Amino acid sequence: MTVQISRALIDQMIAHAASEPTREVCGLLLGAGHAVAEVQACANVAAEPATSFEIDPAALIAAHKSARAGGLAVVGCYHSHPNGSLALSPRDVASAYEGQIWALIADGRVAAWVMEDGVI
Ligand SMILES: [Zn+2]
């Protein structure tokens, strides 16, 4: 499975992560299928943002409403690991949705996965 995303959008996620180096930052990937057309930074509302993330539910609902109204689909999400690990945590894997792109930023690098048949 190939994820399509432009260098400019990758740089946008890296800049977001760099802006808050001690917290996990997060956001939504918008587009179609596995092609990302836009990244949308969202607030991390997790209780412990240094080691976990939870996308602001209001932003998530707004994005899905926009998609239903003909806007870009929510095709995945991104978050950062301030500890520099470019590997999904067990919690990340447990939270993944089938077919959704998971992009991870750590130390200025980005990796992306797509869960298929329950495997990510
Ligand atoms: Zn994570």
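The values are calculated or read from the model by the stated rules, or taken from the named source; none is laboratory data. It should be emphasised that the depicted structure is a prediction, and the values quoted were computed from it without experimental measurement. Methodologically, a virtual Cβ is constructed for each residue, glycine included, from the backbone with ideal geometry; neighbour enumeration extends over all protein chains shown. Areas reflect the complete protein model, heavy atoms only, side chains present, ligands, DNA and RNA absent. Shrake-Rupley method; radii C 1.70, N 1.55, O 1.52, S 1.80 Å.
Scan region 13-29 and tell me whether some residue there is open to solvent by 20 Å² or more (accessible area, probe 1.4 Å), under 13 Å from the mean Cα position of the chain (by Cα) and not aromatic (Phe, Trp, Tyr). Give the derivation first.
First, the residues of region 13-29 that are open to solvent by 20 Å² or more (accessible area, probe 1.4 Å): 14-16, 18-23.
Next cut, under 13 Å from the mean Cα position of the chain (by Cα) only: 14, 16.
From what's left, not aromatic (Phe, Trp, Tyr): 14, 16.
Looking through region 13-29, at least one residue is open to solvent by 20 Å² or more (accessible area, probe 1.4 Å), under 13 Å from the mean Cα position of the chain (by Cα) and not aromatic (Phe, Trp, Tyr).
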If a residue must be closer than 15 Å to VAL114 by Cβ and touching a helix residue (DSSP H, G or I) at 6+ places or on another chain (Cβ under 7 Å), how many such residues does region 29-46 contain? 1
Pairs with Cβ under 6 Å, 6+ apart, first in region 81-110 and among the small types (Gly, Ala, Ser), second away from the ligand (no atom under 13 Å from the Cβ) and outside any strand (DSSP E or B): GLY84/ASP107; GLY108/ILE14
Being farther than 15 Å from CYS26 by Cβ and open to solvent by less than 20 Å² (accessible area, probe 1.4 Å) narrows GLY71, GLY84, GLY118 down to just GLY84
Does region 43-58 include one or more residues that are within 15 Å of the chain's Cα centre (by Cα), of a type in the set (A, V, I, L, M) and open to solvent by 60 Å² or more (accessible area, probe 1.4 Å)? yes
